[in-house]
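Heads up, the thing below is written out as structure tokens.
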Amino acid sequence: MTEELIHRKEAVTATRGHVIESLDTGLRLMRLFLDHDTLSVSRAAELLSVGRSTAHRVLFTLEERGFAIRDPSGSGYSAGPELVRLGRPAGLGAALRERLGDVLDDAARRTGETVRSATLIGDRVLVTDGRESPHPVRVVLEIWRTHPAHATAGGKLLLSRMTDGQVCVLYPRETLPAATGRTLTSRAALLDELAEVRELGHAFSRGESVRGMNAVAVPLGGPGPRDRLALTASAPADRGDDAALAEFAGQLRRSASLLSRAG
């Protein structure tokens with residue numbers, strides 16, 4: 001072993017000596033929730049390269065403190081409200097949520113479809129609130145659920161508020177993961193669509209996140225990055241063709257204007 005490698009190993013060892021392993025494991029586990037909607041104990045242990053008992057203790061502790069919530073089926077854990085608030089995404093403050101409630105009620109009445117407010121966290125979009133359609137066949141509302149931003153109307157709307165350079169930081173690779181057979185899987189294609197979204201002022205998703213579900217999104221919220229939200233309407237494809245989505249976009253803009261009037 002060369003002298004340089006010996007010094008490097010000693011430096012790494014010294015650094016590790018200052019790391020609190022249990023805290024490090026907890027922080028790494030919380031970061032996993034950026035990419036995983038649900039984590040089982042076994043999966044968390046595998047991804048962290050720790051024992052199942054360690055993963056279970058850390059998840060239990062996070063649950064006790066509100067940073068993780070257990071799935072009702074008992075099959076895994078999801079990000080808890082405290083973890084979501086830690087990132088301070090838009091739409092979570094009590095005052096704003098109350099004002100958003102009026103917007104969502106109005107949007108649901110105008111469109112007759114499931115409407116949601118969503119914010120961007122990294123390369124994923126988080127549903128912060130919403131109202132479900134009264135139709136027997138409808139898009140189910142899943143609050144606190146995250147989806148790949150490039151596959152959703154709300155995600156693309158929020159990505160369009162960023163520069164191309166900022167988008168490329170979020171997506172360093174040219175190939176993007178597919179949620180369905182209609183998802184954009186090219187960063188170049190995504191950038192082209194974001195340019196179109198900037199011109200139109202709204203974004204579409206046509207079966208790109210969930211097969212058979214179409215959606216449209218318009219801006220909602222303030223000018224600062226942490227204040228930006230998307231207001232979306234989602235419908236089964238047979239009620240959500242391009243003409244219907246364009247009509248929904250206009251209705252959503254009218255609802256979104258209520259937020260600025262309330263402010």
Discussion item. Multiplying the sequence separation of Arg198 and Asp105 by 0.36 nm and subtracting their Cα-Cα distance, what value in nm do you get?
Written reply: 30.8 nm
Worksheet item: For Glu247 and Asp71, what does the FRET efficiency come to when R0 = 41 Å and r is the distance between their Cβ atoms, rounded to the nearest 0.05?
Response: 0.65
Worksheet entry | In order through region 58-63: 3J(HN,Hα) via Karplus (6.51 cos²θ - 1.76 cosθ + 1.60), integer Hz, x for Gly, Pro | 5, 5, 4, 5, 4, 5
Worksheet entry | Linear extension gain, Gln166 paired with Ser22, 0.36 nm per residue minus alpha-carbon span | 48.5 nm
Worksheet item: In what sequence, largest accessible area first, do Glu63, Glu82, Glu247 appear using a 1.4 Å probe?
Response: Glu247, Glu82, Glu63
Worksheet item: More than 22 Å apart: what percent of Cα pairs in region 118-209 qualify?
Response: 25 percent
Worksheet, complete the sentence: Length gained, Arg182-Glu63, 0.36 nm per residue minus C-alpha separation, equals 39.2 nm
Worksheet item: Accessible area of Arg138, 1.4 Å probe, to the nearest 10 Å²?
Response: 90 Å²
Worksheet item: To the nearest 10 square angstrom, what accessible area does His135 show with a 1.4 Å probe?
Response: 70 Å²
Worksheet item: How would Asp192, Asp238 rank on accessible area, largest to smallest, probe 1.4 Å?
Response: Asp238, Asp192
Discussion item. For a quick check of understanding: with a 1.4 angstrom probe and all protein chains in place, what accessible area in square angstrom does Ser22 have, to the nearest ten?
Written reply: 80 Å²
Worksheet entry | Amide proton proximity set for Arg124, modelled H, under 5 Å, gap of 5+ | Ala149
Worksheet item: What residues have an amide H closer than 5 Å to that of Ser40, excluding those fewer than 5 places away on the same chain, when H is modeled at 1.01 Å from N in the peptide plane?
Response: Tyr77
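The values are calculated or read from the model by the stated rules, or taken from the named source; none is laboratory data. Every value quoted in this text rests on a predicted model; they were computed, and no experiment measured them. Positions of Cβ are backbone-derived with ideal geometry, glycine not excepted, and every protein chain shown enters the neighbour counts. In case anyone asks, the SASA skips ligands and DNA or RNA and just uses the protein heavy atoms, side chains included. Shrake-Rupley method; radii C 1.70, N 1.55, O 1.52, S 1.80 Å.
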